[in-house]
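Report on the structure given below.
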Amino acid sequence: MRRAVVVVPTYNEAGNIEKIIPQVFQATAGITNWEFHILVVDSNSPDKTAYIVKKLTSKYPRLHLLRVEKEGLGKAYTQGFNYAIDKFSPFLLFEIDADLSHDPLLIPKFIKEIEQGADLVIGSRYIKDGSIPKNWAIHRKIFSVVGNIIVRLGFMKLNITDWTGGYRAIKSWIIKNSVPFIKNYHGYVYQIALLDRAIKSGARISQIPIRFKDRKIGKSKINTGQFILNIFAYIFFNSSFIKFSSVGFIGFFIDFGISYLFIERLKSAVWLGTLFSTETAIISNFWLNNSWSFSHKKLENSLRLMLPSFLKFNLVSSGSILIQTLGIQLAVNFFGKKLWYFYKIVVIVFIVIPYSYILYNKFVWKEK
């Protein structure tokens, strides 16, 4: 029988915890081929949350309490996951909020996705039949929706719709692989880091719709300003797409610099200078992308393996040049030559970079 541990982080949730615990056990009672435990990770709540949980352990033998220092959501989850893995050796770990914003009745749907081969199942508010509360203030709706769009675009993973949600089922191997990397992340950015790490580890991601409910008791712990800054910082330093775009700009300066040197200084033929500068930039881009942008799926350093990949890289790069040339020419034909440089920027940013990134991932740096 497989074992699952539902990890519930708490801080001042005395008004909610005695409701969520029975609901989870009731929702999982009919799943007879799994053994469910609940681990409450309480960050020394002064409102006696831990005391209530201790009382409930006499009624629920598979309810457990771990008391930790108040260091934020990420630290609470990390300590809870480590404790659960060491103590219970679970096949599966759940994240769920204590404030009743997540419906425990959906747990069987998570289990079904896991049994069908998913490694990590996300409860998404942003797919069909999912939702956020209608009574949220407009600024909170914008923050939630736009925040997730920024992350999706930042990682160029548009098919994954909810990066910041906290209702998930995660196979324990993902946690074991991820904790050394994500243990230093705090707050809700922890959720982004965990999902990012799972994807880079080759995990199969699935999503089910959830209707998120606003808490009725207690206060939200999110610090909006800090959260936004942390999101941008995490994306900037960890997104393969952002790294890839940076490499593209480096290649542009290499291409331009060598063209200028050959054509203006050495007085070579334009075609010769252009050919040499373009191929030099392509070689530079290939090396930087392999060693930096896609380091998590780096190509093995052997000529037999590298040469075919380099040729594919050249082919995709040739397609980028063709798209850029045609795109700029069409724009000039329709709108005139005066703003050709603006058209070039638009075509590169909105067409060439996404096109190249998708094809490089598909044909050169494939998922391992």
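The values are calculated or read from the model by the stated rules, or taken from the named source; none is laboratory data. Just so it is clear, the model here is predicted, and its values are computed rather than measured. Glycine gets a Cβ as well: all are built from the backbone with ideal geometry, and neighbour counts include every protein chain shown.
General observations
- Conditions (1) outside any helix (DSSP H, G or I); (2) touching a His at 6+ places or on another chain (Cβ under 8 Å); (3) among the charged types (D, E, K, R); number of the one not met by Lys75: (1)
- Filtered residues of the range 65-78 (kept if surrounded by 15 or more Cβ atoms within 10 Å (Cβ to Cβ) and either within 21 Å of the chain's Cα centre (by Cα) or touching a residue at least 60 places away in the same chain (Cβ under 8 Å) (or both)): Gly72, Leu73, Gly74, Lys75, Ala76, Tyr77, Thr78
- Those residues of the range 89-100 which are of a type outside the set (Gly, Ala, Ser) and either out of contact with any strand residue (DSSP E or B) (no Cβ under 6 Å at 6 or more places or on another chain) or buried (at least 18 other Cβ atoms within 10 Å of the Cβ) (or both), in sequence order: Pro90, Leu92, Leu93, Phe94, Glu95, Ile96, Asp97, Asp99, Leu100
- Test for Ile323: is it assigned to a helix (DSSP H, G or I), aliphatic (A, V, I, L, M) and out of contact with any Lys or Arg (no Cβ under 8 Å at 6 or more places or on another chain): yes
- Out of Asp42, Asp103, Asp86, sole residue that is acidic (Asp, Glu) and crowded, with 21+ Cβ neighbours inside 10 Å: Asp42
- For Asn301, the requirement of being outside the structural domain of Phe181 (by TED's automatic domain parsing) and either in contact with a Ser or Thr (Cβ under 7 Å, 6 or more places away or on another chain) or at pLDDT 80 or above (or both) is not met.
- Of the numbered criteria (1) assigned to a loop (DSSP other than H, G, I, E, B); (2) within 24 Å of Asp196 (Cβ to Cβ); (3) free of Cβ contacts under 8 Å to residues at least 60 places away in the same chain, the one Leu299 fails is (3).
- The sole residue among Ile150, Ile111 that is surrounded by 21 or more Cβ atoms within 10 Å (Cβ to Cβ) and in a helix (DSSP H, G or I) is Ile111.
- Qualifying residue in the range 26-37 (condition: assigned to a helix (DSSP H, G or I) and without any contact (Cβ under 8 Å) to a residue 24 or more places away in the chain): no
- Of everything listed in (1) at pLDDT below 95; (2) closer than 24 Å to Pro133 by Cβ; (3) β-branched (Val, Ile, Thr), the single unmet condition for Thr32 is (2).
- Some residue of the range 276-296 being assigned to a helix (DSSP H, G or I), closer than 14 Å to Trp365 by Cα, at pLDDT below 85 and within 26 Å of the chain's Cα centre (by Cα): yes
- Single match in Phe181, Phe232, Phe236, Phe244 (criterion: among the hydrophobic types (A, V, I, L, M, F, W, C), at pLDDT 80 or above, assigned to a helix (DSSP H, G or I) and over 30 Å from Glu95 (Cα atoms)): Phe244
- Filter result (touching a residue at least 40 places away in the same chain (Cβ under 8 Å), under 25 Å from Ala76 (Cβ atoms) and either crowded, with 21+ Cβ neighbours inside 10 Å or of a type in the set (Ser, Thr, Tyr) (or both)) within the range 119-146: Leu120, Val121, Ile122, Gly123, Ser124, Arg125
- Here Tyr60 fulfils each of the conditions (1) modelled with pLDDT of 95 or more; (2) out of contact with any strand residue (DSSP E or B) (no Cβ under 6 Å at 6 or more places or on another chain); (3) over 16 Å from Ala14 (Cα atoms); (4) in a helix (DSSP H, G or I) apart from (4).
- Within the range 156-178, the set of residues being at pLDDT below 90 and either in a helix (DSSP H, G or I) or not assigned by TED's automatic domain parsing to the domain that holds Ile20 (or both) is empty.
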